[in-house]
Structure formats: structure tokens, C-alpha cells
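The structure under discussion appears below in the form of C-alpha cells.
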Amino acid sequence: MLSSVEDPQTDLKTVKSFQSPLFPAEDSGPVERPLWSHYHKPIFVLVIGGLVLCTGVALSLVSSEKNSVPQVLGPVFLSIGLMFILVAVVWFPIIKDKLKPVTLSFFSIILFFLKHILVLSFFKLISLITFRFICK
């Protein structure tokens, strides 16, 4: 049996006073996340794509009629690796645009609606032309 009883409030105070970059203090306001936290997923996909692509190159070079490696396996790994790399390369500008602060003005709102009206009217025109072409 313990001779001194610990106060649970002191344990809570020590937990609340703990600060780190991952656990900021509650009263510190908004904290900006580091860039690696935004870009870690596309970097991971890019690395995996490169590894799969290198595996496809190696399998394509090693495959012959004498080996037990199926000849289709090399090109399959090549295409999957290229798809992963392409997704990662496209993902970077998307994140970059997402991190930009958005400034709304009257002119930008008008341009947004005009673009959407033009796109919708273009698709409606294409669908009408296609419908008339099919019905003939």
C-alpha cells in the first residue's frame, strides 16, 4: 500500500502542458503544417511507381523462353509503374494549387460562373449534335 496518495489533477496538468510540433498547445492558435505533411503521399506513390517500373525493366530483360519467368510479367510491371509515376506527377500540381490561398473578388466569381455556363452549353450543344446524328 502506498503511503502518499497522488493527486490526479497534477497528472492532467503535466499532460496538458506537454508541447511538441505534433501536439501544439491548445491556446497557441492555428498552426501551419509542414510541407512534408502535404507531399508525403505523392512522394510515396512516386517511389513505389519507380520501384515497380525498375522491377518491370528487370523482368523484361531477364525473361526469355528458357527462364521460368512469364514473358508478360515484365510489361505488366512496366505499365503499372508508369501509371503510378503519372498519378504522382499529376498529384503534385493539384496539391500546390490546393495550398494557395483563395481570394474571392466580384470579378473572379463572375468568371467562375461564366466558365461553368460556357462548359454546360458546350456539352449541351455536343449532345444535341450527337442526338441528331444518331436519329438520322
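Sorted largest first, the spans of the alpha carbon positions of region 71-131 along the three principal axes are 57, 42, 6 Å.
Modelled spin-label separation between Leu73 and Arg33, with each label point placed 7 Å from Cα along the Cα-to-Cβ direction: 3.8 nm. The Cβ shell under 14 Å around Ile94 holds other residues with a net charge of +3, Lys and Arg each +1, Asp and Glu each -1.
Just so you know, all these numbers are worked out from the coordinates, no wet-lab data involved. Small disclaimer: the values here were computed from a predicted structure and weren't measured. Positions of Cβ are generated from backbone atoms using ideal geometry, with glycine treated the same way; all protein chains shown enter the neighbour counts.
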